[in-house]
Amino acid sequence: MEATNKISKFLFTWIVVFLVWLAFTSTFNIVEVITGIIVSFIIAIFNFGYFTNMGLKSFSPMRVLYFFQYNAVFLVALVKSNLNVARIVLSPKLPINTGIVEFETKLESDFAKMVLANSITLTPGTFTIDFVDSTFYIHWLDVKVTDPEEVYREIAEPFEKILLKIFN
């Protein structure tokens, strides 16, 4: 790994860990902030090689905007899927068709695939069982379609469109 890439990964890790520190402490008290800077620096020193393959380029303005867009898309999907699962639970006579479906992703990095897998799992009614290379296997509470392209459009496309912009 070249030196500039190491520095970039280290700085990215340090910033992200520090932001997590700020989120958990919920304060801008100077002592807390300085402690957070020092603790996150120490964590970053020992973990930046394992933390991510991303570097400072991830903080480009467009990627940050796409990150916020992704969160909005995820929130909408979360609310819709919660309402759908609630409808199923509250109406037990509704016929449901559980099953395992698969689709191909266009994402290349394992980290991006992991984000997609977690996003799918966090929306009620779907659970990522595994992904092998570019194929995702999803347990779906109410299978509506089985064609892999239609499954992709139904489950993954809204997430993946933005993830491709963030991670590629």
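Couple of notes before you dig in:
- Of the candidates Phe68, Phe131, Phe111, the single residue that is under 30 Å from Ser8 (Cα atoms), hydrophobic (A, V, I, L, M, F, W, C) and touching a Lys or Arg at 6+ places or on another chain (Cβ under 8 Å) is Phe131.
- Pair list, Cβ under 6 Å, 6 or more apart: region 85-108 residue touching a residue at least 40 places away in the same chain (Cβ under 8 Å), other residue small (Gly, Ala, Ser) and part of a loop (DSSP other than H, G, I, E, B): Val85/Gly125; Glu104/Ser134; Thr105/Ser134
- Exclusive hit being in contact with a His (Cβ under 6 Å, 6 or more places away or on another chain) and outside the structural domain of Val16 (by TED's automatic domain parsing), set Phe67, Phe127: Phe127
- Of the strands (runs of 3 or more DSSP E) contained entirely in region 91-168, those carrying at least 1 residues that are surrounded by 20 or more Cβ atoms within 10 Å (Cβ to Cβ) and under 14 Å from the mean Cα position of the chain (by Cα) fall at 126-132.
- Matching entry among Ser81, Ser40 (being modelled with pLDDT of 85 or more and not assigned by TED's automatic domain parsing to the domain that holds Ile120): Ser40
- Filter pass, Ser60 being of a type in the set (S, T, N, Q) and at pLDDT 85 or above: no
- For first residues located in region 130-153 and not assigned by TED's automatic domain parsing to the domain that holds Asp110 and at pLDDT 90 or above, partners that are part of a helix (DSSP H, G or I) and surrounded by 14 or more Cβ atoms within 10 Å (Cβ to Cβ) and lie 6+ apart or on another chain with Cβ distances below 8 Å do not occur.
The values are calculated or read from the model by the stated rules, or taken from the named source; none is laboratory data. Computed from a predicted structure; not experimentally measured. Please note: Cβ atoms are built from the backbone with ideal geometry, for glycine as well, and neighbour counts cover all protein chains shown.
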